[in-house]
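Since the structure comes first, as structure tokens, the remarks are kept for the end.
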Amino acid sequence: MTDDLTTSSDGSPVDGAGAEQAAPDLGAKDVAVEGFVHDAYYERGHGWLKVRQTLVALVFWFVLLAPIVVLINSVSREARWEGIYRWSYADGYELVRFLLLAIAVIFVVVLGFSIYLLLRNNHREKKVYPYRKTYDEAGLAKRKAILEAMYAERFGADDARHGTRYYVVAPEQNLDTGYVQELFHQGQTDVGEEVHG
């Protein structure tokens with residue numbers, strides 16, 4: 001497992017004895033994309049599906065844009081587009097003024113809050129983080145030790161791991177989902193601990 005594997009001049013892996021090894025098969029395209037979402041719209045064929053979905057999308061775009069076009073046509077001084085509905089009710093103008101005022105107030109509040117967060121972040125970057133640890137240093141050292149022990153058990157000693165240029169991971173060496181968190185739990189250390197103070 002800790003044999004020093006290198007590559008030959010053509011890039012194929014060679015073990016310590018000089019015998020070439022086969023490069024790992026990364027699998028066919030079908031296997032590689034097995035977990036991804038499949039959408040027939042983007043495949044060849046399926047013409048009726050493409051026509052139907054495109055028409056539905058265009059109808060919804062029309063439903064979205066039609067009121068905006070009517071609003072722009074109605075609040076402008078004169079009709080911008082002939083044949084597009086134009087209202088001239090006092091209620092409509094009052095509604096537009098209210099919406100513009102509401103949007104302006106929301107914009108000012110969001111802008112003010114964003115500037116506050118920007119200044120707060122800049123202050124912390126310059127005055128807090130360089131002088132104070134914001135994580136548990138002992139917990140980090142403990143987690144590193146747990147990971148190093150796991151790496152040594154699964155993949156060999158530290159110097160052998162760092163000295164290897166090519167390594168094929170056996171299927172039983174792959175880490176299961178949640179494996180590292182379980183190791184930390186067994187070692188009584190938490191991931192993501194933060195120290196405030």
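Computed values, structure above
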quantity	calculated
Residue in segment 34-72 that is nearest to the chain's Cα centre (by Cα), counting only those that are in contact (Cβ under 8 Å) with a residue 12 or more places away in the chain and within 30 Å of ILE84 (Cβ to Cβ)	GLN53
Filtered residues of segment 178-196 (kept if at positive phi and at pLDDT 85 or above)	GLY178
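Residues are listed down the side, and each one gets a yes or a no for (1) among the aromatic types (Phe, Trp, Tyr); (2) not assigned by TED's automatic domain parsing to the domain that holds LEU183:
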site	(1), (2)
GLY83	no, yes
SER88	no, yes
TYR93	yes, yes
ARG124	no, yes
ILE146	no, no
ALA149	no, no
ALA152	no, no
ASP158	no, no
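The values are calculated or read from the model by the stated rules, or taken from the named source; none is laboratory data. Fair warning: this is a prediction, and the values are worked out from it, not measured in the lab. Glycine also receives a Cβ, built like all others from the backbone with ideal geometry; neighbour counts cover every protein chain displayed.
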